[in-house]
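Asker: My questions will all concern the structure given below.
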Amino acid sequence: MGEARFIEPKTVEVKLNAGGTRRLRGDRVFLDVGTRATIPNVPGLPAAAPMTHVEALNLDRLPDHLVIMGGGYVGLEFAQAMRRFGSRVTVIQHGKQLLEQEDPDMADALLELMKDEGIEVFLDAEVLNVTGRSGTGVELQVRVGASERALHASDILAAAGRTPNTDRLDPANGNVRLDSHGYIRVNDRLQTSAPDVWAMGECAGSPKFTHIGEDDCNIVLANLAGGNRTTRGRLIPYCLFTDPELAHVGLHEAEAKAKGVPYRLAKLPMSRVQRAHTLSQMRGFIKALIGADDRILGFTAFGAEASELLGIAQTAMIGGMPYTALRDAAFTHPTMAEGFKGLFASPPAARLVQ
Ligand SMILES: Cc1cc2nc3c(=O)[nH]c(=O)nc-3n(C[C@H](O)[C@H](O)[C@H](O)COP(=O)(O)OP(=O)(O)OC[C@H]3O[C@@H](n4cnc5c(N)ncnc54)[C@H](O)[C@@H]3O)c2cc1C
């Protein structure tokens, strides 16, 4: 147990947690060093010692007023949890919408959820400087749009991006090259610039999800056993575990528009899914992009059990099934899966992009 850094190709020196160092040389080296929460470069912020998710998950007290820097999935999951525990919560988001990678209709639905929970959200906003110390009291100067305001809070949580843990790895000593953001350069078989050295997971710039880190490892293992797997074209499903959940796989609508991919849009409010009524959770909606050959290009659900719907859509996409196969299936009543019948009952005939 300790921290490794390259001292020469395929050789690391480990600073042992128990004290002392150990030198290790491998015929093959696998790098899986991950990322850590970025502390944004804001005057006074490092001295204020903001929490990251690590400290937030170890809290044994309730913050009076928690300011969360970042309106991505980490920020929003903590915002809702801490608000429901009883904290006052303010989210400061740099972009003009929450969850910048999501379509605007989904981001708006999440904003509405946050507001309904009593969470204060500032969009198009940034923290300009901080005084005080998180945990005992902080004062923040915040720009919101074109104006500035002061915020007093008890705690800060930094949830504004990730920094790869390659800065203390001395990768150059191992002939391992990084990209301009500090991620390890890999090809689609996850091989680095150094022979017999692979990188996997977040440090290799792969999408930041546990199942993708695991899939990276499986790709490398399969290839070492004589297989021929790559990261090319794989589906990246993910879920934001708020209550209710937001789940997505494949193309976003905004992405299809930007790339000029023709699609038809199927959209259904959760209130039209009978299971949602039995659960008394009618918030949200489901949407899917249908391609020219009737296959599903992308799927997003915001609502109860969205992550379980996701698996069904992903399976159909992996199998290359037409959307009509789900439309015409006799799903058990009353389950969320039945929602696919309503979703695909009558998608518009016209394609949105030619
Ligand atoms: C708050 C939060 C919630 C999340 N929720 C989800 C979720 O619901 N679903 C999901 O799919 N993903 C989720 N993720 C993302 C998921 O945790 C990561 O994508 C995943 O852990 C990445 O795996 P990894 O192996 O790349 O890196 P890590 O899991 O970060 O592992 C890297 C390890 O390497 C160690 N290390 C670093 N440098 C060195 C060194 N020089 N020498 C030795 N060891 C070193 C680190 O200490 C660490 O233990 C969440 C992340 C956060 C922060």
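Asker: Which ranges mark the helices (runs of 4 or more DSSP H) fully within segment 1-117 that have 3 or more residues being farther than 26 Å from residue 181 by Cα and within 16 Å of the ligand (Cβ to nearest atom)?
Answerer: On the way: elements: 53-57, 73-85, 104-116.
Where helices (runs of 4 or more DSSP H) fall fully within segment 1-117 and carry at least 3 residues being farther than 26 Å from residue 181 by Cα and within 16 Å of the ligand (Cβ to nearest atom), they are 73-85.
Asker: If I go through segment 75-106 residue by residue, how many of them are surrounded by 17 or more Cβ atoms within 10 Å (Cβ to Cβ) and aromatic (Phe, Trp, Tyr)?
Answerer: Count: 1.
Asker: In addition: Name the residues in segment 94-152 that are without any contact (Cβ under 8 Å) to a residue 24 or more places away in the chain and more than 30 Å from residue 47 (Cβ to Cβ), would you?
Answerer: Those that are without any contact (Cβ under 8 Å) to a residue 24 or more places away in the chain and more than 30 Å from residue 47 (Cβ to Cβ): 107, 108, 111, 112, 115, 116.
Asker: Sticking with this one: Residue under question is residue 326, and the condition is that it be assigned to a strand (DSSP E or B), buried (at least 17 other Cβ atoms within 10 Å of the Cβ), touching a Phe, Trp or Tyr at 6+ places or on another chain (Cβ under 7 Å) and outside the structural domain of residue 100 (by TED's automatic domain parsing); does it hold?
Answerer: Numbers: assigned to a strand (DSSP E or B): no; buried (at least 17 other Cβ atoms within 10 Å of the Cβ): yes; touching a Phe, Trp or Tyr at 6+ places or on another chain (Cβ under 7 Å): yes; outside the structural domain of residue 100 (by TED's automatic domain parsing): yes.
For residue 326, the condition - assigned to a strand (DSSP E or B), buried (at least 17 other Cβ atoms within 10 Å of the Cβ), touching a Phe, Trp or Tyr at 6+ places or on another chain (Cβ under 7 Å) and outside the structural domain of residue 100 (by TED's automatic domain parsing) - is not met.
Asker: Being buried (at least 16 other Cβ atoms within 10 Å of the Cβ) and within 16 Å of residue 101 (Cα to Cα) is the requirement here; does residue 251 meet it? Full working, then the answer.
Answerer: Numbers: buried (at least 16 other Cβ atoms within 10 Å of the Cβ): yes; within 16 Å of residue 101 (Cα to Cα): yes.
Taking the combined requirement at face value, the residue satisfies it.
Asker: Does segment 198-218 hold any residues that are near the ligand (Cβ under 8 Å from one of its atoms) and of a type in the set (S, T, N, Q), and which are they?
Answerer: 206, 210
Asker: As an exercise: evaluate residue 83 against (1) under 16 Å from residue 127 (Cα atoms); (2) touching a helix residue (DSSP H, G or I) at 6+ places or on another chain (Cβ under 9 Å); (3) of a type outside the set (Val, Ile, Thr) and give the number of the one condition it does not meet.
Answerer: (1)
Asker: Kindly list the number of the only condition in (1) within 23 Å of residue 240 (Cα to Cα); (2) surrounded by fewer than 13 Cβ atoms within 10 Å (Cβ to Cβ) that fails for residue 109.
Answerer: The single condition residue 109 does not satisfy is (2).
Asker: From (1) under 30 Å from residue 287 (Cβ atoms); (2) in a loop (DSSP other than H, G, I, E, B), pick out the condition that doesn't hold for residue 121.
Answerer: Tallying (1) under 30 Å from residue 287 (Cβ atoms); (2) in a loop (DSSP other than H, G, I, E, B), residue 121 fails exactly one: (2).
Asker: Oh, and also: Can you tell which of 63, 46, 50 is within 20 Å of residue 137 (Cβ to Cβ), without any contact (Cβ under 8 Å) to a residue 24 or more places away in the chain and either surrounded by 12 or more Cβ atoms within 10 Å (Cβ to Cβ) or not aromatic (Phe, Trp, Tyr) (or both)? Break it down stepwise before answering.
Answerer: Numbers: 63 fails: without any contact (Cβ under 8 Å) to a residue 24 or more places away in the chain; 50 fails: without any contact (Cβ under 8 Å) to a residue 24 or more places away in the chain.
Going through 63, 46, 50 in turn, just one is within 20 Å of residue 137 (Cβ to Cβ), without any contact (Cβ under 8 Å) to a residue 24 or more places away in the chain and either surrounded by 12 or more Cβ atoms within 10 Å (Cβ to Cβ) or not aromatic (Phe, Trp, Tyr) (or both): 46.
The values are calculated or read from the model by the stated rules, or taken from the named source; none is laboratory data. All values reported here derive from a predicted model rather than from experimental measurement. Note: ideal-geometry Cβ built from the backbone for every residue, glycine included; neighbour counts use all protein chains shown.
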